[in-house]
Amino acid sequence: MTPLLQLHNIRKDYGGLRAVDDVSLAAPENAIIGLIGPNGSGKSTLIDLIAGAAEQTAGRVIFAGEDISDLSADAIFKKGIARGYQEPSLYFKMTVLDNVLLPVKDQRGERPWYAPWRRYWAHEEAGHAEAAVTVLEQVQLLQHYDTLASDLSGGQMKLLEIARCLMGKPKLLLLDEPTAGVAPKLAYEIFQQIARLRDDYGITFLIVEHRLEILFDFADYVYVMHLGNLLAEGTVAEIANDATVREVYFGD
Amino acid sequence: MPPALLTTSLVNTIQIGSLYALMALGITLTFSVMKLPNFAHAEYVTAGAYAALIVSLSGVLNPLVIMIAAFAVGALTALISHLAVFKPLEGRDVSFYTLILSSFAIGLIIRYILFTMADYFNLFDLRIAIPLQILFREGYLILSNLFAWVVPTSIVLVIILTLLLNRSPLGREMRALADNIILARVIGIRVERVKNYTWLLVGGLAGVAGALWGLQTAVHPLMGWGAIISVFAAAILGGLSSFSGTVMGAYVVAFSENTVMLFLNVNYGLDLAFKPAIPFIIIIAVLLLRPQGFTNLIKRAGDLGR
Amino acid sequence: MLRKLLAILLIIALSTMLGAAQDDMETYVLGVALPFTGSFGTFGQDFERGIDLAVAQMNAELEAAGSAIRFETASADTEQTPEGAARALQTIVQTTGAQVVVGPLTTSEVLGAKQFADENGVVIVAMASSGAAASIPGDNIFRVIYPPDTFASKAFATIALERGHQNMVVLYVDDPFGNGMNEHFIKNYQARGGGEVASFGYAPQSTELSAEAAAVSAALAGFGDGAGFFCVCFPGAAEAFVQVAQIDPILTSVQWLGNEAMTSDEMLEDPGHAQTLANANFVTVSQSADSTPLTPIFHADFVAMFDKEPGIFTNYAFDAANIAMLTMLAAGNDGAAVKSMLPFISNHYIGTAVQAFLDENGDQAIASYGIRQVTEDGSGFVLIGSYDGNTDTITYT
């Protein structure tokens, strides 16, 4: 079976600086892939390249058998790749439900000639709201649907971000430190949700994470980056016992 | 202050305030969603007024048809100015000040296109041919059919726009653009399309305001420009971000220009020629004392925030 | 580098050759300072056409006569403001060296341009300004066609008293023209036995006059029966005022007087406005521009040249340009000489509107006015009498 996502010899130069050097990786369907490495090792840049937020200097990105290397962020999103950020990027002045409904495309109520007349789009909106309810249920935020996003806890904000990504029915979710700034207990819960989404909906996750103790409990496969290079890859057990990784990463 | 004067000035306040509100909401909306203080807004008003005038001169006196024509022409003028000027400029990532200046420039261009047209067809200082009548008279209170048109139309349009913004999917996206346009792009909102729709609404409302303003005064290429400072004062009172604040601001400006002005004239002999200075005083006072205007004075939905 | 140098040399060579080719011709520049933008923009544009017609005709005559002199216009926009007028004059003079400028339109613009004209010896020939504020002896301003408002204000005062108005309310545009008219009206009205006058100035840029209408109405109500209303307004504001005044119970029950700018059929286009003015026995006083033998010729020539009808007062601009050019032909292209000779030429000029005869202020001294009233059905203005400003007498027909 071909992997869902394949990176072939990706390179990214910023001026004279090589942020990512010849990285190749593959993510199978229905898996949680960890991407770890010290600060500045090029993990976030790699995420940007995949999502189309930056353009690689060389190399190809293959998604579901299709070359998406040169597509715009918008087009990549449409192909089924969604991403979350380290800092929760939400519409804090809107309710949880509104935040989840925002990415829905091609609604009648988006047209100015229909928008003022509720009856033309209320039915459609109800359908979207149903989908939104399902998604919120998946991340266990349903009881907060009418809360302003700014009133959520840090962990809930992360979950809301994931829920918003799910509205686009993605096949692959790129998450950049989903537990940053979140209490350990909540961080663990976030990963539990992620695992459930993988199991119940077959979504693949590519997760940049510093909290290895949590990541290692959930990840199916781990890539380690160092100074823009791929240092090692393997299952959690393999990585945890890899001498090179231990040296650069854990300093022993 | 004689009771007749007080009554008339209050009626004028409501009537003119409603028109200011209709014009000022568009300014608030463009500022929030597009981050653009658009001085060409005045010209969308004038374009709408001329559309209404031409329709009425062609013999169609159905107010609804006149309004729709004014809406369409105002909306189209706004959309064209966006597509031809503002959008390419935004693409070049120019500064805020360049955008303000370009809004002045495009306003001038539209104004002098209208001037040329008005000169060619001799359409100066004409009035939309709906005769003015007294509908209601009780003591000092006199209400005309103009009042009956202007006030409900404005209020209904303001309510529709508020609902659209707060309840509809389009409004949700407009609020998202106002709050964080980069995130809007990231989560796949079709930003350019939402912008186009916003321009259509802004221009359309300005056009309708122009048609109604043309009933209040005479239609002239400078009529929108003549009102723009008062309208900006109203929007600034609304903090350029709050719908309810903008509507309140519109009535405050109209109240100052009518009732307060006449009160000062009657009691302290202040010259009526002072009237155009009032919106400037309001603007300066707001900027000095309360730059956020009425925003957050009453916390509520409809604030587009910044 | 070499290319640039060659290009510059080429341009210099060409321009000297062109200059040489025209050497035997002498060009007099006639400045034109008018409001091409703003609410009087159409007046300005129309007036410029009148001036262009005069210059074209003059050049054709000069050519036929074998004269070496040609006239050429240099125009600038006054933006209908005093500062704009000063700027326009300065631009014209500094870029072309013009000694004589036709325009500007309103009294406030004329006064704005005055200082520069006096200091630089440039002669201003205005065609329609009438504000009393610009009646100053010895300055460089000549107002050759329209008499100053000191005359018209007397006519208004007399009519108000003849109509039995014991008190008057005045709404005036707050600029030198409106202020002067208001001031002289009050002076003449009270000198002739009139009572109290309440005056309200509106800002010239106003486009919406409901507060003003409310104030006028309240003042009229305060005076009670027998009070009259005098409106000194520019066209746009006049329309906006009538628009809101037509449902005012007080304003629709008194008699109105109006300045010459309101003597326009456009004021009567709206049936509601026409009815309001008809009910108010609306009377205006404006210069009687009796037709001379030249009037129809001007009209025909204008239509032939521009394929459109000349606007109101356009022939005044035509006449002003002719007086200026004739004086330049007699005195030469020199401001001081033109200033000295202009009254003489002007007094011997019969134009398309009215005989010009200048007083010691350089203003039109022949003050002959027509008194016009809106017909009962509001269909138009009819001449009901005349006012001779030189003898201060009104004659009703």
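Every number in this text was worked out from the coordinates using simple rules, so none of it is lab data. Only a predicted model underlies this, so the values are computations on that prediction, with no experimental measurement involved. All Cβ positions, even for glycine, are placed from backbone atoms using ideal geometry, and neighbour counts span all protein chains on display.
Assorted remarks:
- Relative to one another, the C-alpha centroids of the range A:109-125 and the range C:20-73 are positioned 63 Å apart.
- Computed from Cα atoms, the angle from the helix C:235-245 axis to the main principal axis of chain C rounds to 20 degrees.
- Candidates A:N9, A:Y223, A:I62 compared by Cα position along the dipole of chain A: farthest toward the positive end lies A:I62, with charges placed on Cβ.
- Estimated vicinal HN-Hα couplings, Hz - the range A:43-51 in sequence order (Karplus 6.51, -1.76, 1.60; Gly, Pro = x): 5, 5, 4, 4, 4, 4, 5, 5, 6
- For chain A, a simple Cβ point-charge model (Lys and Arg +1, Asp and Glu -1, everything else neutral) yields a dipole of about 680 debye relative to the Cα centre.
- Over all directions, the projected convex hull of the C-alpha atoms in the range A:5-250 averages 14.2 nm² in area.
- The range B:17-225: C-alpha gyration tensor shape, a/c 1.5 cut-off, then a/b vs b/c: oblate
- Cα-based reach from C:K339 at 26 Å (exclusive), listing lysines while leaving out same-chain residues under 8 positions away: C:K114
- Near C:Y202, the amide H atoms lying under 5 Å from its own belong to C:Y172, C:V173, C:D174; only residues 5 or more places off or on other chains count, and H is placed 1.01 Å from N.
- Taken one residue at a time, the phi angles of the range A:102-119 give Karplus couplings (6.51, -1.76, 1.60, θ = phi - 60°) of 4, x, 5, 9, 6, 9, 5, x, 7, 7, x, 7, 9, 3, x, 10, 4, 5 Hz. Gly and Pro are set to x.
- Placed amide H near C:I371: partners under 5 Å, 5+ positions off or other chain: C:I384, C:G385, C:S386, C:Y387
- Dimensionless Rg over Rh [the protein assembly as shown; C-alpha; Kirkwood]: 1.12
- Most mobile listed residue (C:A65, C:A88, C:A336) in chain C, GNM with C-alpha springs under 10 Å: C:A65
- Distance-filtered residues of the range B:10-28 - backbone nitrogen under 14 Å, label point 7 angstrom along B:F263 Cα→Cβ: B:10-11, B:13
- Ranking of B:I109, A:I50 by count of other Cβ atoms within 10 Å, fewest first: B:I109, A:I50
- P(r), alpha carbons of chain C - 10 Å bins starting at zero, rounded %: 5, 22, 30, 22, 12, 5, 3, 1, 0
- Here the Debye sum runs over all C-alpha atoms of the range C:76-159 as equal scatterers in vacuum, and log10 of I(q)/I(0) at q = 0.15, 0.16, 0.20 Å⁻¹ comes out as -0.50, -0.56, -0.81.
- Around the Cα centre of the range B:17-225, unit charges on the Cβ atoms of Lys, Arg, Asp and Glu (plus for the first two, minus for the last two) sum to a dipole of about 480 debye.
- Simple point charges give the picture: +1 on the Cβ of Lys and Arg, -1 on the Cβ of Asp and Glu, and for the protein assembly as shown a dipole about the Cα centre of about 2360 debye.
- Over all orientations, the range A:42-83 has a Cα convex hull whose mean projected area works out to 2.8 square nanometres.
- Rounded to whole numbers, the Karplus 3J(HN,Hα) couplings from phi for the range B:88-100 are x, 5, 4, x, 8, 6, 7, 6, 3, 5, 4, 5, 4 Hz, using 6.51 cos²θ - 1.76 cosθ + 1.60 with θ = phi - 60°, and x at Gly and Pro.
- Value at 222 nm in deg cm²/dmol, rounded to 500, when DSSP H runs of n ≥ 4 in the protein assembly as shown each add -39,500 (n - 2.57): -16500 deg cm²/dmol
- Amide H contacts under 5 Å for C:L34: C:A76, C:T78, restricted to partners 5 or more places along the chain or on a different chain, H placed in the peptide plane at 1.01 Å from N.
- For the range A:52-134, the relative contact order comes to 18 percent (Cα pairs under 8 Å, sequence separation of at least 6).
- Rounded Å value of the spacing that divides the Cα centres of the range C:128-148 and the range B:42-110: 42
- Max mean-square fluctuation residue, GNM over chain A, Cα-Cα springs under 10 Å, options A:H210, A:H123, A:H226: A:H123
- All aspartates and glutamates inside 19 Å of A:K12 as judged from Cα atoms, apart from same-chain residues fewer than 8 positions distant: A:D21, A:D22, A:D48, A:E55, A:D67, A:D70, A:D176
- For the range B:17-225, the relative contact order is 46 percent, taking Cα pairs closer than 8 Å that sit 6 or more residues apart in sequence and dividing their mean separation by the residue count.
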